[in-house]
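Taking it in order: structure first as structure tokens, then the write-up.
The values are calculated or read from the model by the stated rules, or taken from the named source; none is laboratory data. Everything quoted here is computed from the prediction, not taken from an experiment. Counting neighbours? That spans all protein chains shown, and the Cβs are built from the backbone with ideal geometry, glycine included.
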Amino acid sequence: MSAALLAAGESTIGPTLALIVGAGMAAQWLAWRTQVPSIIALLLAGLVLGPVTGVINPDDLLGGTLFPLVSLSVALILFEGGLDLPPRELRNTGTVVRRLISVGAVLTFLVAWYASREIIGISNQSSIVLGAVLVVTGPTVVGPLLRFVRPSGTTGPILRAEGVLIDPIGATAALLAFELVLLEDANEAILKVGAILALTVLAGAGIGIAAAFVLDEALRRFLIPDQLTVPVTFAFVVATFVAANEVQEESGLLTVTVLGMYLARRDSSTIRHVLDFSESLRTLLISALFILLAARIEADALREVLLPTLAFLGVLVFVGRPLAVLVSTVRTSLSWRERLFLTTMAPRGIVAAAVSAIFAIRLEEKDIPDADQIVPIVFLVIIGTIVVYGFLAGPAARVLGLAEAQADGVLIAGAHATSRGLALQLKEHGIKTLLVDTDPYNVTRSISIGLGARRLSVLAENAAHDLDLRGIGRLLAFTSNDEVNALATARFARVFGRREVFQLSPTKRRTGDTAVPAEYLGRQIGIDGLTYSTIDERARQGWKVRSAVVDDTIQAAVDDDTFIPMVRLIDERMAFLCRNDALPVDGVVIGLAAPSLQRQLDNDEQAAAAHAREVGPNVEPVDADAAPEARQSDLQSSPDPA
């Protein structure tokens with residue numbers, strides 16, 4: 001009988017786990033399509049599958065392995081967060097980050113402790129532990145929100161660093177608070193807390209640095225084959241996490257964070273390979289964890305503390321976070337806009353949920369009053385902060401000028417004449433552009449005609465951080481070097497996504513193949529694949545970048561090979577025309593036009609202007625200067641003399 005029940009249980013685990021993973025990916029995709037923060041979609045999915053329908057019961061599904069799996073998953077996420085913290089970012093934001101995770105954390109604890117005791121009415125002992133737990137923010141929630149908002153300046157790096165570093169600090173603070181409330185003698189409490197803190201730092205930082213040094217040396221000396229690099233790295237993460245926790249409870253999170261930050265100092269393709277894999281794993285883990293933890297929520301427990309927790313949430317959002325940011329940014333170089341935006345981003349996440357559940361159980365075992373209310377309060381705070389900050393951060397960043405509503409702009413690598421002509425045409429249609437080039441002449445020419453341009457290599461290590469990408473949502477690699485174009489699309493695919501990185505088609509050799517294999521290329525613009533050789537040849541023949549309304553003339557020009565379309569615009573929304581794309585039947589297209597087509601377009605514009613003057617003021621006039629301006633733009637986009 002027991003064997004039959006065991007077999008039946010095992011038969012349900014597989015489908016349920018598949019449902020969790022599938023629901024997580026569906027929520028991520030739906031959030032991407034609807035442009036809402038993914039964390040909100042994941043929470044809703046967890047609530048629907050858990051307390052609403054009862055389809056998933058995480059405790060029955062995983063039993064005693066639930067929290068160890070959650071802790072291990074959080075460790076992997078924190079390792080990836082530390083690995084994605086470039087030392088340069090920490091140097092630029094170090095003062096503010098150090099204050100936020102020290103003075104700011106203390107202020108957050110004091111506000112949460114006092115407010116939970118006075119507003120919710122829980123015991124002083126439970127409120128101390130609750131206040132320590134709610135110090136954390138975490139990369140599991142901050143990271144997805146930052147990718148959604150994409151603020152400019154140093155606010156993004158500050159919030160990302162705070163989210164990674166505050167998690168081990170918050171877990172340690174919760175442990176210290178737990179030990180503190182169980183001790184009655186003040187002198188004994190001070191000694192016990194000091195010993196725990198010292199051992200946590202020594203075990204966490206010491207084991208992390210030692211493991212990172214060994215792993216780094218093994219990678220540098222090629223003692224680990226390429227096919228084992230990722231699994232061996234994650235084996236180190238798991239081993240160090242468990243080892244540190246065996247020495248001192250809750251020090252494992254600090255260990256894996258230190259391990260990731262140490263490896264981030266190494267400029268190595270191997271480390272970047274690990275990071276690429278870690279990002280995919282992080283997305284999968286975050287999706288599954290949020291659904292599992294949201295599904296654990298008991299509706300009755302939430303209802304009991306709902307109203308006072310809402311008031312408590314208001315204090316955290318509108319008093320605790322602004323106070324912590326205000327004190328942490330005193331006498332820093334941050335503008336008032338950046339400081340204000342920092343107050344709109346402090347969501348709580350998985351670490352708060354996991355740590356609160358662990359210590360709430362221990363407090364209940366010690367008969368601490370109101371310990372059973374800690375978990376529902378924390379989950380309401382998690383849901384509330386994610387919803388509030390998820391919907392507040394984006395509009396706040398746009399109002400403060402740190403982000404733009406539509407990221408339709410284009411980062412163009414290469415500022416040669418044709419690039420400038422394309423940028424001018426896009427600018428005339430309200431599309432933001434930014435050109436980058438290493439040639440000072442090209443950059444100076446771009447700036448002189450009113451275009452945004454930077455003298456910078458698109459392959460520079462910190463190009464994505466150094467550039468102001470507000471309103472920029474895609475890349476066009478438009479240089480004469482096929483390898484640079486391919487590398488640029490690979491680099492910026494992490495910033496914009498593979499769907500939004502474009503490049504010229506590589507030139508074919510006499511043998512018929514190309515210098516860059518197809519799997520390394522971004523999306524290739526031009527219906528038939530546009531190469532730099534084609535652009536250069538057409539430019540020497542007098543072809544120029546023009547925009548025109550799609551009509552029979554343009555259709556015929558495409559068929560006659562006197563017009564090469566590159567961009568389409570419909571209702572002021574642009575898209576690059578790529579291989580296998582059909583010419584749109586309406587809207588505006590931008591492309592390279594032959595001299596004969598340019599003359600025809602100029603004649604049509606002049607005829608339309610003359611007709612408007614004859615009809616009179618009742619018809620919307622056409623700007624008589626449009627054609628001269630167009631000709632001037634064409635002149636500026638013509639190839640420069642050798």
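Between residues in region 280-295 that are under 12 Å from ILE77 (Cα atoms) and residues that are surrounded by fewer than 24 Cβ atoms within 10 Å (Cβ to Cβ) and hydroxyl-bearing (Ser, Thr, Tyr), which pairs lie under 6 Å by C-beta distance while being six or more apart or on different chains?
LEU285/SER73; LEU289/SER73
Take the conditions touching an Asp or Glu at 6+ places or on another chain (Cβ under 8 Å) and assigned by TED's automatic domain parsing to the domain that holds ALA353 and apply them to THR53. Does it pass?
No; evaluated as a whole, the condition is false for this residue.
Restricting to region 533-552, and then to whatever is free of Cβ contacts under 8 Å to residues at least 60 places away in the same chain and of a type in the set (Ser, Thr, Tyr), can you tell me which residue is farthest from GLU428 (Cα to Cα)?
Among those residues, the one meeting the criterion is SER533.
Quick one: which helices (runs of 4 or more DSSP H) lie wholly within region 142-250 and hold at least 3 residues that are small (Gly, Ala, Ser), in the same structural domain as LEU43 (by TED's automatic domain parsing) and closer than 29 Å to LEU130 by Cα?
Once the helices (runs of 4 or more DSSP H) in region 142-250 are filtered for at least 3 residues that are small (Gly, Ala, Ser), in the same structural domain as LEU43 (by TED's automatic domain parsing) and closer than 29 Å to LEU130 by Cα, what remains is 155-182, 186-220.
Does region 402-411 contain at least one residue that is buried (at least 22 other Cβ atoms within 10 Å of the Cβ), in contact with a Leu (Cβ under 7 Å, 6 or more places away or on another chain) and of a type in the set (A, V, I, L, M, F, W, C)?
Within region 402-411, one or more residues are buried (at least 22 other Cβ atoms within 10 Å of the Cβ), in contact with a Leu (Cβ under 7 Å, 6 or more places away or on another chain) and of a type in the set (A, V, I, L, M, F, W, C).
Take the conditions part of a helix (DSSP H, G or I), in contact (Cβ under 8 Å) with a residue 24 or more places away in the chain and more than 25 Å from the chain's Cα centre (by Cα) and apply them to PHE359. Does it pass?
For PHE359, the condition - part of a helix (DSSP H, G or I), in contact (Cβ under 8 Å) with a residue 24 or more places away in the chain and more than 25 Å from the chain's Cα centre (by Cα) - is met.
Hey, could you check region 326-351 for residues that are in contact with a Leu (Cβ under 6 Å, 6 or more places away or on another chain), in a helix (DSSP H, G or I) and surrounded by 24 or more Cβ atoms within 10 Å (Cβ to Cβ) and say which is modelled with the lowest pLDDT?
Per the criteria, the residue is ILE350.
Give region 489-505 a look and list any residue that's within 22 Å of the chain's Cα centre (by Cα) and closer than 15 Å to ILE525 by Cα, or say none.
Within region 489-505, THR489, ARG498, ARG499, GLU500, VAL501, PHE502 meet the criteria.
Looking only at region 290-313, which residues are within 31 Å of the chain's Cα centre (by Cα), farther than 16 Å from GLY24 by Cα and not in a helix (DSSP H, G or I)?
Within region 290-313, ILE297 is the sole residue that qualifies.
Working carefully through the options GLY430, GLY452, GLY421, find the one that is more than 16 Å from ALA488 (Cβ to Cβ), touching a residue at least 60 places away in the same chain (Cβ under 8 Å) and crowded, with 18+ Cβ neighbours inside 10 Å.
After ruling out the rest, the residue left standing is GLY421.
Table: residues versus (1) of a type outside the set (Val, Ile, Thr); (2) part of a loop (DSSP other than H, G, I, E, B); (3) in the same structural domain as ALA582 (by TED's automatic domain parsing).
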residue: ILE535; (1), (2), (3): no, no, yes
residue: VAL545; (1), (2), (3): no, no, yes
residue: ALA548; (1), (2), (3): yes, no, yes
residue: GLN555; (1), (2), (3): yes, no, yes
residue: VAL558; (1), (2), (3): no, no, yes
residue: ASP561; (1), (2), (3): yes, yes, yes
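Identify the residue in region 477-501 that is of a type in the set (Gly, Ala, Ser) and not in a loop (DSSP other than H, G, I, E, B) and, among all such residues, is nearest to LEU530 (Cα to Cα).
ALA477
Any residue at all in region 567-581 that's without any contact (Cβ under 8 Å) to a residue 24 or more places away in the chain and hydrophobic (A, V, I, L, M, F, W, C)?
Among the residues of region 567-581, at least one is without any contact (Cβ under 8 Å) to a residue 24 or more places away in the chain and hydrophobic (A, V, I, L, M, F, W, C), which makes the answer yes.
I'm told ASP216 meets every condition in (1) without any contact (Cβ under 8 Å) to a residue 24 or more places away in the chain; (2) touching a Lys or Arg at 6+ places or on another chain (Cβ under 7 Å) except one. Can you identify the failing condition by its number?
Condition not satisfied by ASP216: (1).
Can you name the residue in region 514-560 that is farther than 22 Å from GLN600 by Cβ and of a type in the set (Val, Ile, Thr) and, of all such residues, is modelled with the lowest pLDDT?
Among residues in region 514-560 that are farther than 22 Å from GLN600 by Cβ and of a type in the set (Val, Ile, Thr), the one modelled with the lowest pLDDT is THR514.
Starting from region 111-126, take each residue that is closer than 18 Å to GLY320 by Cα and list its partners that are among the polar types (S, T, N, Q), counting only C-beta distances under 6 angstrom and pairs at least six apart or across chains.
Pairs that qualify, where the first residue is closer than 18 Å to GLY320 by Cα and the partner is among the polar types (S, T, N, Q), are TRP113/SER127; SER116/SER127; ARG117/ASN124; ARG117/SER127.
Restricting attention to region 29-85, report how many residues are polar (S, T, N, Q) and within 30 Å of ARG499 (Cα to Cα).
Within region 29-85, residues that are polar (S, T, N, Q) and within 30 Å of ARG499 (Cα to Cα) number 4.
Checking SER116 against (1) touching a helix residue (DSSP H, G or I) at 6+ places or on another chain (Cβ under 8 Å); (2) under 30 Å from ILE13 (Cα atoms), only one condition comes out false. Which one?
Tallying (1) touching a helix residue (DSSP H, G or I) at 6+ places or on another chain (Cβ under 8 Å); (2) under 30 Å from ILE13 (Cα atoms), SER116 fails exactly one: (2).
Step by step: first the residues of region 446-476, then only those that are outside any loop (DSSP other than H, G, I, E, B) and among the hydrophobic types (A, V, I, L, M, F, W, C), then the one that is farthest from the chain's Cα centre (by Cα). Which residue is that?
Per the criteria, the residue is ILE447.
Please find, within region 32-80, the residue that is modelled with the lowest pLDDT out of those that are of a type in the set (A, V, I, L, M) and not in a helix (DSSP H, G or I).
Ranking the candidates gives VAL36 first.
Looking at this structure, is ARG491 basic (Lys, Arg), more than 17 Å from GLN598 (Cβ to Cβ) and crowded, with 18+ Cβ neighbours inside 10 Å?
yes
Could you say whether any residue in region 581-597 is part of a helix (DSSP H, G or I), out of contact with any helix residue (DSSP H, G or I) (no Cβ under 8 Å at 6 or more places or on another chain), modelled with pLDDT under 80 and charged (D, E, K, R)?
No, because not a single residue in region 581-597 is part of a helix (DSSP H, G or I), out of contact with any helix residue (DSSP H, G or I) (no Cβ under 8 Å at 6 or more places or on another chain), modelled with pLDDT under 80 and charged (D, E, K, R).
Name the residue that is farthest from LEU182 (Cα to Cα), counting only residues in region 117-141 that are assigned to a helix (DSSP H, G or I) and among the polar types (S, T, N, Q).
THR140
For region 307-321, name all the residues that are within 15 Å of ILE374 (Cα to Cα) and either surrounded by 17 or more Cβ atoms within 10 Å (Cβ to Cβ) or hydroxyl-bearing (Ser, Thr, Tyr) (or both).
Of everything in region 307-321, those that are within 15 Å of ILE374 (Cα to Cα) and either surrounded by 17 or more Cβ atoms within 10 Å (Cβ to Cβ) or hydroxyl-bearing (Ser, Thr, Tyr) (or both) turn out to be PRO308, THR309, PHE312, LEU313.
Residues in region 187-204: is at least one acidic (Asp, Glu) and surrounded by fewer than 21 Cβ atoms within 10 Å (Cβ to Cβ)?
yes
Within the bounds of region 512-526, is there any residue that is assigned to a strand (DSSP E or B), in the same structural domain as ASN481 (by TED's automatic domain parsing) and either without any contact (Cβ under 8 Å) to a residue 24 or more places away in the chain or in contact with a Leu (Cβ under 8 Å, 6 or more places away or on another chain) (or both)?
Within region 512-526, one or more residues are assigned to a strand (DSSP E or B), in the same structural domain as ASN481 (by TED's automatic domain parsing) and either without any contact (Cβ under 8 Å) to a residue 24 or more places away in the chain or in contact with a Leu (Cβ under 8 Å, 6 or more places away or on another chain) (or both).
So GLU537 passes all but one of these: (1) surrounded by fewer than 14 Cβ atoms within 10 Å (Cβ to Cβ); (2) farther than 17 Å from GLY421 by Cβ. Which condition number does it fail?
Unmet for GLU537, out of (1) surrounded by fewer than 14 Cβ atoms within 10 Å (Cβ to Cβ); (2) farther than 17 Å from GLY421 by Cβ: (2).
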